[in-house]
Amino acid sequence: AGDPAVDLAIGWMLFDAPTRRTFRVAAGAGTPIDDATWSRAQAWALHFALVYLLHAADSERFQQMGTRLLAAVLTEE
């Protein structure tokens, strides 16, 4: 019932840019996810990166995850 873009945000968490492009097509069952949904997914990934970084003072793991995810989102082609 929710926005499928939330689930697609995992693409920035797990994959590099070339693999993320493959993921976008695979997630769409052979047709790339539409641009609007993909942009929302990127925005959700940014949201998660900022949440991780918000809690980074208490967790080195959150610091690493947030930093990596933020870099992936900001360097998206």
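The values are calculated or read from the model by the stated rules, or taken from the named source; none is laboratory data. All values derive from a computational prediction rather than experimental measurement. With ideal geometry, Cβ positions are generated from the backbone for all residues, glycine too; neighbour counts draw on all protein chains shown. Protein only, heavy atoms only, side chains kept; ligands, DNA and RNA dropped before computing areas. Shrake-Rupley method; radii C 1.70, N 1.55, O 1.52, S 1.80 Å.
Any idea which residue in region 38-77 is surrounded by the fewest Cβ atoms within 10 Å (Cβ to Cβ), counting only those that are farther than 15 Å from Leu14 by Cα and of a type in the set (Gly, Ala, Ser)?
Applying the filter and picking the extreme gives Ala57.
Within region 54-66, identify whether any single residue is assigned to a helix (DSSP H, G or I) and hydroxyl-bearing (Ser, Thr, Tyr), and answer yes or no. Give the steps one after another, and end with the answer.
Kept after step one, since they are assigned to a helix (DSSP H, G or I), are these residues of region 54-66: 54, 56-58, 60-66.
Still in the running and hydroxyl-bearing (Ser, Thr, Tyr): none.
No - not one qualifying residue is present in region 54-66.
What number of residues in region 1-15 are in contact with a Leu (Cβ under 7 Å, 6 or more places away or on another chain) and either over 23 Å from Arg68 (Cα atoms) or in contact (Cβ under 8 Å) with a residue 60 or more places away in the chain (or both)?
Residues of region 1-15 that are in contact with a Leu (Cβ under 7 Å, 6 or more places away or on another chain), as a first pass: 12-13.
Remaining after also requiring either over 23 Å from Arg68 (Cα atoms) or in contact (Cβ under 8 Å) with a residue 60 or more places away in the chain (or both): 12.
Qualifying residue count, region 1-15: 1.
Please go through (1) open to solvent by 60 Å² or more (accessible area, probe 1.4 Å); (2) of a type outside the set (Asp, Glu); (3) within 17 Å of Glu76 (Cβ to Cβ); (4) touching a residue at least 12 places away in the same chain (Cβ under 8 Å) for Pro18 and return the number of the only condition it doesn't satisfy.
Against the list (1) open to solvent by 60 Å² or more (accessible area, probe 1.4 Å); (2) of a type outside the set (Asp, Glu); (3) within 17 Å of Glu76 (Cβ to Cβ); (4) touching a residue at least 12 places away in the same chain (Cβ under 8 Å), Pro18 comes up short only on (4).
Find all pairs meeting these conditions: Cβ atoms under 6 angstrom apart; at least six residues apart or on different chains; first residue within region 22-44 and more than 15 Å from Glu76 (Cβ to Cβ) and of a type in the set (Gly, Ala, Ser); second residue part of a loop (DSSP other than H, G, I, E, B) and modelled with pLDDT of 95 or more.
Ala27/Ile33
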